[in-house]
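Trainee: Shown below is the structure under consideration.
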């Protein structure tokens, strides 16, 4: 076996020793095995004492070539793979993919399927935000919210399990609608859950919103202005916390979202605290959508007429949805065969993570943890 | 196990596999649709009911008129496919038009940059920009064709968020972006050889030498 050559690091280029001596700069390697990087993210931090001068992300540790796999599977076979990108919001991934292929086929899912889709994706948004809150708070040093959020997230996963048999990588939807009809008592379960959550969100807020340590650790930390957000392509709660009232569900509605009455919470300062507040309010808005959806769920078929062998006419399509992390888009090129000619995933986590460098500059090294947490990234989606 | 994985020959480093299916550039989509790689079973009445002809229709708007008046035949195609507008531009003017779209036409959010590889075409790569305008609430796709080994001006000066997106296109397709501040591989290791999303790169192909040297195993499969 040949001698393993050292992995070339970008920081080895140039003259590191000279930099050290000249300006007291310190290079600190964080991750990839670090509990606060939420997976396998490696960040190379350039420090001056405790002050961060820059952060460079090294990603790709979880790269599985999802897009290449897509080109080598049929349209239906690729469907479960997309669940493995953002594995804490698998339902959203599946919704985006199924809707994109439906657009390519010029097929529309029936209204009942769209309602089921909205219910499950909104439940998933809650689950994703709960997981985010628990881990983000844990990173900053508040351990209790983690136990609370995991307790409540469990209820959502139980509903998923009862609906389709899986808790995380659900593969809940099919191209053209849903495979499974709702189980007996589905509406009751969702209603019971929705009625119980507001008190639980109050509980989280009681722990954090006016907690002095929490406020000190998050206010004015990792600020990102609206102009920067747009230039960087940042979407989701991070964009909204900077005061831009933009949500794909409202701007370019899909599924059954036009039927529901809900608001898009926005922040003002674009700091970590505002992003926290925006996500908490988003959870309450999701509950509003859920309540309307469960009450208004129409009867009817759950599957549109889709050929057994899916062969969309040649062409290209881009479609996106509002995933818990931001705009999740799929760009599919069809050559008229049974397999996509090209599948491109526009991952919100990947694009949002790019803002890390801008957000941590001038902050303290401890704030890097808070900023990584507030970006709400999932490395499975960043690396695909 | 999926059919296509079984049938694909084991990849060998020096011999790129040429894929069987590939739409011919410029040919009507119906010609591509008539191919049935799945075999005889795909001939079903449901398939015949689908529209076989091209779905794209010409797209007219003040923006297209403005660009056509300024650049004439450089705007190769302005069409709308399944309700989605797109522009196909000549390579020489694409960067300039992207600048106009960003600065004058309020397309202030570059959603995505990606590429598509058509190895049999004279200019084998499609570069695709997906743009969105917050004030207009409009999405637009811009495409251009570029040749093998040809580079393209970077858009990082227009939208700073395109930095990583261009790095990913470089990583996966080997398309270089001139003026990019930091054009390195992003998902694959820096000393990896080959660009996996090219069509001549097999699904289970890998940089054997890299795997042996860095992982100490004979194969990653």
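Trainee: Considering every residue within the range A:100-113, establish whether at least one is buried (at least 19 other Cβ atoms within 10 Å of the Cβ), touching a strand residue (DSSP E or B) at 6+ places or on another chain (Cβ under 8 Å), closer than 21 Å to residue A:349 by Cβ and touching a residue at least 24 places away in the same chain (Cβ under 8 Å).
Mentor: Looking through the range A:100-113, at least one residue is buried (at least 19 other Cβ atoms within 10 Å of the Cβ), touching a strand residue (DSSP E or B) at 6+ places or on another chain (Cβ under 8 Å), closer than 21 Å to residue A:349 by Cβ and touching a residue at least 24 places away in the same chain (Cβ under 8 Å).
Trainee: While we're looking at this one, here's another question. Here is a check on your reading of the model: is residue B:66 without any contact (Cβ under 8 Å) to a residue 60 or more places away in the chain, within 11 Å of chain A (Cβ to nearest Cβ) and over 30 Å from residue A:305 (Cα atoms)?
Mentor: In short, no.
Trainee: Continuing with this model, one more query. For the range B:161-171, check the following and say yes or no: at least one residue is modelled with pLDDT under 90, assigned to a loop (DSSP other than H, G, I, E, B) and within 18 Å of the chain's Cα centre (by Cα).
Mentor: no
Trainee: Please work out which one of (1) closer than 25 Å to residue A:75 by Cα; (2) within 19 Å of the chain's Cα centre (by Cα) is the condition residue A:310 fails and give its number.
Mentor: It is condition (2) that residue A:310 fails.
Trainee: Right, next: Among the numbered criteria (1) modelled with pLDDT under 85; (2) within 14 Å of chain B (Cβ to nearest Cβ); (3) more than 26 Å from residue A:372 (Cβ to Cβ), which single criterion is violated by residue A:10?
Mentor: With (1) modelled with pLDDT under 85; (2) within 14 Å of chain B (Cβ to nearest Cβ); (3) more than 26 Å from residue A:372 (Cβ to Cβ) applied to residue A:10, the lone miss is (3).
Trainee: Taking the range B:70-94 only, how many residues are buried (at least 18 other Cβ atoms within 10 Å of the Cβ), under 16 Å from the mean Cα position of the chain (by Cα) and more than 11 Å from chain A (Cβ to nearest Cβ)?
Mentor: Count: 3.
Trainee: Can you name the residue in the range B:144-157 that is surrounded by fewer than 18 Cβ atoms within 10 Å (Cβ to Cβ) and closer than 23 Å to residue A:234 by Cα and, of all such residues, is nearest to the other protein chains (Cβ to nearest Cβ)?
Mentor: My answer is B:157.
Trainee: Which ones in the range B:107-143 are assigned to a loop (DSSP other than H, G, I, E, B), within 11 Å of another protein chain (Cβ to nearest Cβ) and either under 14 Å from the mean Cα position of the chain (by Cα) or under 21 Å from residue A:70 (Cβ atoms) (or both)?
Mentor: Selection gives B:118 alone.
Trainee: Being in contact (Cβ under 8 Å) with a residue 12 or more places away in the chain and either surrounded by fewer than 18 Cβ atoms within 10 Å (Cβ to Cβ) or within 8 Å of another protein chain (Cβ to nearest Cβ) (or both) is the filter here, so list the residues in the range A:59-70 that pass it. Steps first, answer last, please.
Mentor: Going residue by residue through the range A:59-70, those that are in contact (Cβ under 8 Å) with a residue 12 or more places away in the chain are A:59-67, A:69-70.
If the condition is that a residue be in contact (Cβ under 8 Å) with a residue 12 or more places away in the chain and either surrounded by fewer than 18 Cβ atoms within 10 Å (Cβ to Cβ) or within 8 Å of another protein chain (Cβ to nearest Cβ) (or both), then A:59, A:60, A:61, A:63, A:64, A:65, A:67, A:69 are the ones that fit.
Trainee: Find the helices (runs of 4 or more DSSP H) located wholly in the range A:163-244 whose residues include 2 or more that are touching a residue at least 12 places away in the same chain (Cβ under 8 Å) and surrounded by fewer than 22 Cβ atoms within 10 Å (Cβ to Cβ), and list them.
Mentor: Details: elements: A:186-208, A:212-218, A:226-232, A:237-241.
The helices (runs of 4 or more DSSP H) meeting that bar are A:186-208, A:212-218, A:226-232.
Trainee: Can you pull out the residues in the range A:328-340 that are more than 7 Å from chain B (Cβ to nearest Cβ) and in contact with a strand residue (DSSP E or B) (Cβ under 7 Å, 6 or more places away or on another chain)? It would help to see each step written out before you state the result.
Mentor: From the range A:328-340, those more than 7 Å from chain B (Cβ to nearest Cβ) are A:328, A:330, A:332, A:334, A:339-340; that's our starting set.
Within the range A:328-340, A:328, A:330, A:332, A:334, A:340 meet the criteria.
Trainee: Consider residue A:359 against the criteria (1) over 30 Å from residue A:216 (Cβ atoms); (2) crowded, with 24+ Cβ neighbours inside 10 Å; (3) within 14 Å of chain B (Cβ to nearest Cβ): it satisfies all of them except one. Which criterion is unmet?
Mentor: Answer for residue A:359: the failing condition is (1).
Trainee: For the range A:132-143, state whether one or more residues are without any contact (Cβ under 8 Å) to a residue 24 or more places away in the chain, more than 14 Å from chain B (Cβ to nearest Cβ), touching a helix residue (DSSP H, G or I) at 6+ places or on another chain (Cβ under 8 Å) and part of a helix (DSSP H, G or I). Break it down stepwise before answering.
Mentor: Our first condition is that a residue be without any contact (Cβ under 8 Å) to a residue 24 or more places away in the chain; within the range A:132-143, this holds for A:134, A:138, A:143.
Next, from what is left, pick out any that are more than 14 Å from chain B (Cβ to nearest Cβ): A:134, A:138, A:143.
Now drop any that are not touching a helix residue (DSSP H, G or I) at 6+ places or on another chain (Cβ under 8 Å), which leaves A:134, A:138, A:143.
With part of a helix (DSSP H, G or I) added as a condition, the list becomes A:134, A:138.
Yes, the range A:132-143 contains at least one residue that is without any contact (Cβ under 8 Å) to a residue 24 or more places away in the chain, more than 14 Å from chain B (Cβ to nearest Cβ), touching a helix residue (DSSP H, G or I) at 6+ places or on another chain (Cβ under 8 Å) and part of a helix (DSSP H, G or I).
Trainee: Determine which member of the set A:310, A:321, A:369 is more than 10 Å from chain B (Cβ to nearest Cβ) and either farther than 28 Å from residue B:132 by Cβ or at pLDDT below 90 (or both). Give the steps one after another, and end with the answer.
Mentor: On the way: A:310 fails: more than 10 Å from chain B (Cβ to nearest Cβ); A:321 fails: either farther than 28 Å from residue B:132 by Cβ or at pLDDT below 90 (or both).
Answer to the check: A:369.
Trainee: Among the residues that make up the range A:39-48, is at least one of them touching a helix residue (DSSP H, G or I) at 6+ places or on another chain (Cβ under 8 Å) and in a helix (DSSP H, G or I)? Working first, answer last.
Mentor: Of the range A:39-48, the ones touching a helix residue (DSSP H, G or I) at 6+ places or on another chain (Cβ under 8 Å) are A:39-41, A:43-45, A:47-48.
If we keep only those that are in a helix (DSSP H, G or I) as well, we get none.
Scanning the range A:39-48 turns up no residue that is touching a helix residue (DSSP H, G or I) at 6+ places or on another chain (Cβ under 8 Å) and in a helix (DSSP H, G or I).
Trainee: Can I ask one more? So residue A:298 passes all but one of these: (1) within 23 Å of the chain's Cα centre (by Cα); (2) closer than 27 Å to residue A:100 by Cβ; (3) surrounded by fewer than 23 Cβ atoms within 10 Å (Cβ to Cβ). Which condition number does it fail?
Mentor: Unmet for residue A:298, out of (1) within 23 Å of the chain's Cα centre (by Cα); (2) closer than 27 Å to residue A:100 by Cβ; (3) surrounded by fewer than 23 Cβ atoms within 10 Å (Cβ to Cβ): (1).
Trainee: Counting just the residues of the range B:170-205 that are more than 10 Å from every other protein chain (Cβ to nearest Cβ) and either closer than 18 Å to residue A:383 by Cβ or out of contact with any helix residue (DSSP H, G or I) (no Cβ under 8 Å at 6 or more places or on another chain) (or both), which one comes out surrounded by the fewest Cβ atoms within 10 Å (Cβ to Cβ)?
Mentor: B:178
Trainee: Here is a further query. Filter the range B:206-219 down to the residues that are surrounded by 15 or more Cβ atoms within 10 Å (Cβ to Cβ) and over 22 Å from residue A:42 (Cβ atoms) and list them by number.
Mentor: So in the range B:206-219, the residues surrounded by 15 or more Cβ atoms within 10 Å (Cβ to Cβ) come out as B:206-208, B:210-214.
Listed by number, the residues that qualify are B:208, B:212.
The values are calculated or read from the model by the stated rules, or taken from the named source; none is laboratory data. Bear in mind the structure is a predicted one, so any value in this text is a computation, not a measurement. Please note: Cβ atoms are built from the backbone with ideal geometry, for glycine as well, and neighbour counts cover all protein chains shown.
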